[in-house]
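I have placed the structure first, in the form of C-alpha cells, so that the comments after it can refer back to it.
The values are calculated or read from the model by the stated rules, or taken from the named source; none is laboratory data. Note that the structure is a prediction, hence the values are computed from the model and not measured. When we count neighbours, we look across all protein chains shown, and the Cβ atoms used for this are built from the backbone with ideal geometry, even at glycine.
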Amino acid sequence: MAEPASVAAESLAGSRARAARTVLGQVVLPGEELLLPEQEDAEGPGGAVERPLSLNARACSRVRVVCGPGLRRCGDRLLVTKCGRLRHKEPGSGSGGGVYWVDSQQKRYVPVKGDHVIGIVTAKSGDIFKVDVGGSEPASLSYLSFEGATKRNRPNVGDLIYGQFVVANKDMEPEMVCIDSCGRANGMGVIGQDGLLFKVTLGLIRKLLAPDCEIIQEVGKLYPLEIVFGMNGRIWVKAKTIQQTLILANILEACEHMTSDQRKQIFSRLAES
Amino acid sequence: MEEETHTDAKIRAENGTGSSPRGPGCSLRHFACEQNLLSRPDGSASFLQGDTSVLAGVYGPAEVKVSKEIFNKATLEVILRPKIGLPGVAEKSRERLIRNTCEAVVLGTLHPRTSITVVLQVVSDAGSLLACCLNAACMALVDAGVPMRALFCGVACALDSDGTLVLDPTSKQEKEARAVLTFALDSVERKLLMSSTKGLYSDTEQCLAAAQAASQHVFRFYRESLQRRYSKS
C-alpha cells in the first residue's frame with residue numbers, strides 16, 4: 001500500500017533527531033530530540049554506519065553541556081519539553097559546552113532557587129510567614145530572616161516582600177529569605193507603602209531585566225520612579241502621583257505587544273504633555 | 001492607553017489534500033487556531049475544524065486539595081462543558097478519554113503535588129467533537145508551558161455502509177455512518193494514545209493508517225501556528 005510508505009518517507013522533523021547547533025534560534029516543539037555536538041559526528045548521514053571501535057581515551061571525550069529550562073536529558077540526547085526558541089550560551093571560561101535552553105512564553109511561575117521574587121504575606125503560623133509567590137504552594141519565610149529582625153519590626157499580613165528563594169525544588173515547600181549570605185538586606189525586605197503591584201508574563205520580566213534593555217532607561221527619563229521586578233511576573237511601581245503610577249503600569253504592561261517604534265511614539269507623546 | 005487584547009492572529013491552514021469538495025477519500029476540513037486569547041487562565045486556545053469549535057483553558061501547575069494530591073506527580077483534571085444543558089454522562093466519558101491522553105503525554109513527575117486543570121467549552125458542534133477537543137487541549141497545554149514529552153492530536157473517521165472511509169466527518173455523516181472511530185496520536189512516532197469507537201466495523205488497521213496519514217497535516221498545522229506565534233516576539 002502506498003499510504004504507510006508515504007507516512008514513513010515524509011517524516012516531520014520531530015521524528016528524526018537534529019543537531020542542536022543547526023536549530024539555534026528556531027522554534028522547537030515538544031517531542032523533538034536534539035543531538036549534541038560530539039554526537040553528530042558519530043551519526044553519519046545514513047544513520048547506522050559501521051566504525052572500527054577505537055580503544056584510546058580520546059574517543060570518550062565528552063563536552064559537559066548544561067540543560068536549561070525546557071529541555072531534558074533523554075539517553076544521550078536532549079528532549080524538548082516546551083515550545084519556544086532554542087538558545088545557546090557559550091561557556092565563559094574553561095571547558096564545557098555551554099548552556100542550551102528554550103525561551104518560552106509563560107504566565108505561571110515555578111519557584112527556582114536563587115530567584116528574586118515579590119511575594120504577598122498571607123498568613124502567620126508558628127514562627128514563619130506564609131507568602132504567596134504565584135506558584136503552586138505558598139513559600140515560607142522565617143521571622144528572623146530580615147536584616148535587623150526584632151520583635152517590633154516585622155511584616156504584617158498583607159505586606160509586600162521582596163526576597164529570594166533558598167530552597168526551591170519540586171519535592172519540598174519553597175522557602176525564601178530577605179537577607180543574602182552575608183546577613184545584609186541588599187535591597188530585599190518589606191516593600192514600602194503606596195505604589196502599585198501588577199502582573200505580567202515571565203518573558204516580559206526577563207526582557208526588561210536584560211542588561212541592554214532600553215525600555216527601563218526611557219521610562220526613567222519620563223518620570224522619577226521606584227520600581228521592583230520579581231521573577232515571578234510581578235512588578236511594583238511607585239511614582240510621585242497616582243496618575244503617573246498608572247501611566248507607568250500601563251506602559252509596562254503594553255510593552256510586550258508593542259514594537260520599539262510604537263513605544264518611542266508613546267514616550268515622546270507623554271514627554272510633551 | 002490602548003492595550004492589545006489578542007496577542008496572536010488567527011491562522012488559517014490549508015486543507016489536508018487540497019481539494020475543496022469533500023468526496024470519498026482523505027480530506028480534512030478547514031483548520032484555524034488562536035492561542036492566548038483568555039487573560040485569566042495560564043494557557044488558552046481555540047480550535048476550529050470546519051464548523052466545530054472548542055475553547056480550551058489550562059490552569060497549572062497550581063494548588064491542589066490535599067484529598068486529591070498525588071505524592072509523586074501532578075493531578076490532571078479535565079472539565080468539558082457542552083454548549084447547552086448541564087454536563088452529563090457523555091461529557092464525563094469524554095473527559096476521562098481526554099484525561100488519559102493528556103496523562104500519557106504531560107510530564108507530571110516534574111510537578112508533584114500540584115494540579116493541572118484543562119477546561120474545555122464546546123462553542124459549536126458540527127461533527128468530530130472529541131477530535132477537536134483533543135486538538136484544543138493540546139494547543140492550550142503548549143500555550144501554558146506545561147512540560148510535555150510529545151504533542152498529540154485527535155483524528156475522527158467514519159465508515160459508511162458500503163465501507164468507504166471519510167475523515168473528519170460532519171454531524172450528518174456521523175449520523176448516517178455505520179461506525180465512527182476517533183484516534184489520538186502522538187507526534188513523535190504517530191503512536192496510538194487513545195481510541196474511542198462506536199458502531200460495527202471490521203478493519204481497524206485501515207482506519208488507523210488513514211488517521212496516521214491525516215495526523216501529519218494536523219502536526220504541520222501546529223508547527224506553522226506556533227512558528228507564527230513566536231515570530232512576532
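Looking at segment A:121-132, is at least one residue over 11 Å from residue A:231 (Cα atoms), in a strand (DSSP E or B) and among the acidic types (Asp, Glu)? So far as segment A:121-132 goes, yes, one or more of its residues are over 11 Å from residue A:231 (Cα atoms), in a strand (DSSP E or B) and among the acidic types (Asp, Glu).
Pull up segment B:25-43, narrow it to residues that are outside any loop (DSSP other than H, G, I, E, B) and at the interface with chain A (Cβ under 10 Å from one of its Cβ atoms), then point me to the one that is farthest from residue A:108 (Cα to Cα). Within segment B:25-43, the match that is farthest from residue A:108 (Cα to Cα) is B:35. For segment B:206-223, state whether one or more residues are more than 11 Å from every other protein chain (Cβ to nearest Cβ) and within 18 Å of residue B:127 (Cα to Cα). So far as segment B:206-223 goes, yes, one or more of its residues are more than 11 Å from every other protein chain (Cβ to nearest Cβ) and within 18 Å of residue B:127 (Cα to Cα).
Within segment B:108-125, take every residue that is within 25 Å of residue B:168 (Cβ to Cβ) and in contact with a Cys (Cβ under 9 Å, 6 or more places away or on another chain) and give me the one that is nearest to the other protein chains (Cβ to nearest Cβ). Walk me through it before giving the result.
Restricting attention to segment B:108-125, the residues satisfying the condition of being within 25 Å of residue B:168 (Cβ to Cβ) are B:118-125.
Now drop any that are not in contact with a Cys (Cβ under 9 Å, 6 or more places away or on another chain), which leaves B:118, B:120, B:122, B:125.
Numbers: B:118: 14, B:120: 19, B:122: 24, B:125: 28 Å.
Among those residues, the one meeting the criterion is B:118.
Per the listing A:251, A:215, the residue uniquely buried (at least 20 other Cβ atoms within 10 Å of the Cβ) and either touching a residue at least 12 places away in the same chain (Cβ under 8 Å) or under 19 Å from residue A:119 (Cα atoms) (or both) is A:251. Scanning segment B:173-190 for residues that are of a type outside the set (Gly, Ala, Ser) and more than 12 Å from chain A (Cβ to nearest Cβ) returns B:173, B:174, B:175, B:176, B:178, B:180, B:181, B:182, B:183. Scanning segment A:74-92 for residues being free of Cβ contacts under 8 Å to residues at least 60 places away in the same chain and in a strand (DSSP E or B) gives a total of 6. Taken residue by residue, segment B:58-79 has at least one member that is within 13 Å of chain A (Cβ to nearest Cβ), assigned to a strand (DSSP E or B), under 21 Å from residue B:228 (Cβ atoms) and at pLDDT 95 or above.
Taking the criterion of being under 18 Å from residue B:103 (Cα atoms), crowded, with 18+ Cβ neighbours inside 10 Å and free of Cβ contacts under 8 Å to residues at least 40 places away in the same chain, the only residue of segment B:189-229 that qualifies is B:190. Of the residues making up segment A:147-201, just one is surrounded by 15 or more Cβ atoms within 10 Å (Cβ to Cβ), among the acidic types (Asp, Glu) and either at positive phi or assigned to a strand (DSSP E or B) (or both), namely A:175. Could you please find all residues in segment B:173-195 being in a strand (DSSP E or B) and out of contact with any Asp or Glu (no Cβ under 7 Å at 6 or more places or on another chain)? B:179, B:181, B:182, B:183, B:184, B:185, B:186, B:192, B:194, B:195 - these are the residues of segment B:173-195 that are in a strand (DSSP E or B) and out of contact with any Asp or Glu (no Cβ under 7 Å at 6 or more places or on another chain). Restricting segment A:93-104 to residues that are in contact (Cβ under 8 Å) with a residue 40 or more places away in the chain and assigned to a loop (DSSP other than H, G, I, E, B) leaves a set whose member that is surrounded by the most Cβ atoms within 10 Å (Cβ to Cβ) is A:104.
Of the set (1) part of a loop (DSSP other than H, G, I, E, B); (2) free of Cβ contacts under 8 Å to residues at least 40 places away in the same chain, all apply to residue A:107 but (2).
I'm trying to understand the selection: among the residues of segment B:196-233, which are part of a strand (DSSP E or B) and of a type in the set (D, E, K, R)? Lay out the reasoning, then the answer.
First, pick out the residues of segment B:196-233 that are part of a strand (DSSP E or B): B:196-199.
B:198, the sole residue that qualifies.
Within segment A:161-198, being within 14 Å of another protein chain (Cβ to nearest Cβ) and either touching a residue at least 40 places away in the same chain (Cβ under 8 Å) or among the aromatic types (Phe, Trp, Tyr) (or both) holds for A:168, A:169, A:174, A:198.
Only one entry of A:251, A:235, A:266 meets the criterion of being among the aliphatic types (A, V, I, L, M), on the phi < 0 side of the Ramachandran plot and assigned to a strand (DSSP E or B), and that entry is A:235. The sole residue among A:135, A:114, A:119 that is surrounded by 21 or more Cβ atoms within 10 Å (Cβ to Cβ), more than 14 Å from chain B (Cβ to nearest Cβ) and at pLDDT 90 or above is A:119.
May I ask you to verify whether residue A:50 is at pLDDT below 90 and either closer than 25 Å to residue B:42 by Cβ or over 28 Å from the mean Cα position of the chain (by Cα) (or both)? So that I can check it myself, show each step before the final result.
Values: at pLDDT below 90: yes; either closer than 25 Å to residue B:42 by Cβ or over 28 Å from the mean Cα position of the chain (by Cα) (or both): yes.
Yes, satisfied.
Can residue B:98 be described as over 16 Å from the mean Cα position of the chain (by Cα) and on the phi < 0 side of the Ramachandran plot? Against the criterion (over 16 Å from the mean Cα position of the chain (by Cα) and on the phi < 0 side of the Ramachandran plot), residue B:98 does not qualify.
Looking only at segment A:215-262, residues that are farther than 26 Å from residue A:104 by Cβ, away from every other protein chain (no Cβ under 14 Å) and in contact with a helix residue (DSSP H, G or I) (Cβ under 7 Å, 6 or more places away or on another chain) come to 5 in all.
In the condition set (1) small (Gly, Ala, Ser); (2) at pLDDT below 95; (3) touching a strand residue (DSSP E or B) at 6+ places or on another chain (Cβ under 7 Å), residue B:39 is compliant with all but (3). If you check B:105, B:54 for being touching a residue at least 24 places away in the same chain (Cβ under 8 Å), within 11 Å of another protein chain (Cβ to nearest Cβ) and of a type in the set (A, V, I, L, M, F, W, C), only one passes: B:105.
Scanning segment B:128-172 for residues that are farther than 17 Å from residue B:196 by Cβ and in a helix (DSSP H, G or I), we see that the one that is farthest from the other protein chains (Cβ to nearest Cβ) is B:172. The set of residues in segment B:101-116 being surrounded by fewer than 18 Cβ atoms within 10 Å (Cβ to Cβ) and within 19 Å of the chain's Cα centre (by Cα) consists of B:103, B:104, B:107.
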